[in-house]
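The values are calculated or read from the model by the stated rules, or taken from the named source; none is laboratory data. This structure is a prediction, so every number in the text was calculated from the model and none was measured. Positions of Cβ are backbone-derived with ideal geometry, glycine not excepted, and every protein chain shown enters the neighbour counts. Only protein heavy atoms, including side chains, enter the accessible area calculation; ligands, DNA and RNA are left aside. Shrake-Rupley method; radii C 1.70, N 1.55, O 1.52, S 1.80 Å.
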Amino acid sequence: MVRHIQIACDESGFSGGNLVGVGHSPVFAHASIRLEPETAAELIKHLRREIGARGSGEYKSPEILRPRRRPVLIWLLGPSSPIHGNAYVHLTDTRFFVLARMIDVLLSGQPVSGITSPGRNVRTRPVALALYRQGEQSYGRSRWQEFLSLSANLFRTNNRWLPKTPVQTFYATVENLATCHTAADLRDVMSMLQSTRPVAEATRASFLENPKLTPLMEPLLPALNRAVHHWGSYAQTLSVVHDEQSALTPERITDIATAYAASQPGHQLTDVRLVDSSREPRVQIADFVAGIARRLASDQLQDHADPEIAALLGPLIDPQSVWVHPDLI
């Protein structure tokens, strides 16, 4: 236990509220690192030399993910790298995130916070997994994509391009899917969802009445919350330097700080400072790590996982990631 730790964070795969739109990344990765600024700056210089970087512009993870740069990638994730033991990654499968959050809110019977990771409730997780694993195959790609989009928009209120009647449209689709000839467990899920409209309406009403409530469909918030709890367990106080993100409002940061203090009495999140990543080498390293993790996780979803890189990256992955595939966690 030390007195104070400062971590630097960045993400890869951020798509605003459009988590499951066609063409958007199915993976969101958030990385946090604990390095001294001087160490991070030297590491950036080293990586730029190794990849033959020219000019002074900021380089991103695709540069190090090129096949000819594989030795650099292996070194960066390996035991002789400065990030060894000093990096932490929270992965989010955005489709599972949407389904699990929707199921948690509608069927858990408990209040749900936007800073908690969905899919952790032992009673509702199997329901979300059934939808995730069987939905597209059972209902067809087009119909399933519509259900995913409606689920993602059910509790969103902050976009003028959203459907005008999201609750009505969602439950009309649920009624339609309930009549399909599918596996019994999927029919059971749709049957349970049919009776939850009052919960959905009450939840939406609360967000319309108070727009500053922490949103339910923003994966950056649970990811940062997990980083705070992980690193905060090693120190009495913790501060964060994070790449600029509009989702990290003062109210949402306060929610994370309050939850952290309540779960670990005597510990405190003292500051979250948003910075321009091009001027903060520690955030640039976090960006590299997040981008590498997102690429590897995306490849895994396509059954193209890289066993060597997965073995190096695996110890960095948060075991409470919003992830259902066992190879990385």
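Pairs are defined by a Cβ separation below 8 Å, a sequence spacing of at least 6 or placement on different chains, a first member in the range 299-312 that is within 13 Å of Leu73 (Cα to Cα), and a second member that is of a type outside the set (Val, Ile, Thr) and outside any helix (DSSP H, G or I); the pairs so defined are Ala310/Asp327; Ala310/Leu328; Leu312/Gly78. Taking the conditions (1) modelled with pLDDT of 85 or more; (2) surrounded by fewer than 17 Cβ atoms within 10 Å (Cβ to Cβ); (3) not β-branched (Val, Ile, Thr) in turn, Lys60 satisfies each one other than (1). The set of residues from the range 305-319 being part of a helix (DSSP H, G or I) and more than 18 Å from Arg226 (Cα to Cα) comprises Pro307, Glu308, Ile309, Ala310, Ala311, Leu312. Here the helices (runs of 4 or more DSSP H) wholly within the range 141-252 that include at least 2 residues being among the charged types (D, E, K, R) and surrounded by fewer than 20 Cβ atoms within 10 Å (Cβ to Cβ) are 141-153, 184-194, 197-209.
Return yes or no: is Leu296 closer than 28 Å to Glu38 by Cα and either open to solvent by 40 Å² or more (accessible area, probe 1.4 Å) or in contact with a helix residue (DSSP H, G or I) (Cβ under 9 Å, 6 or more places away or on another chain) (or both)? No: the conditions fail for Leu296.
Rundown of residues vs (1) open to solvent by 40 Å² or more (accessible area, probe 1.4 Å); (2) within 25 Å of Thr237 (Cα to Cα), yes/no style:
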{"site": "Ile5", "(1), (2)": "no, yes"}
{"site": "Ser25", "(1), (2)": "no, no"}
{"site": "Leu35", "(1), (2)": "no, yes"}
{"site": "Glu38", "(1), (2)": "yes, yes"}
{"site": "Glu50", "(1), (2)": "yes, no"}
{"site": "Arg66", "(1), (2)": "yes, no"}
{"site": "His90", "(1), (2)": "no, yes"}
{"site": "Met102", "(1), (2)": "no, no"}
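Here Ser117 fulfils each of the conditions (1) of a type in the set (Gly, Ala, Ser); (2) more than 20 Å from Asp188 (Cβ to Cβ); (3) free of Cβ contacts under 8 Å to residues at least 40 places away in the same chain apart from (3).
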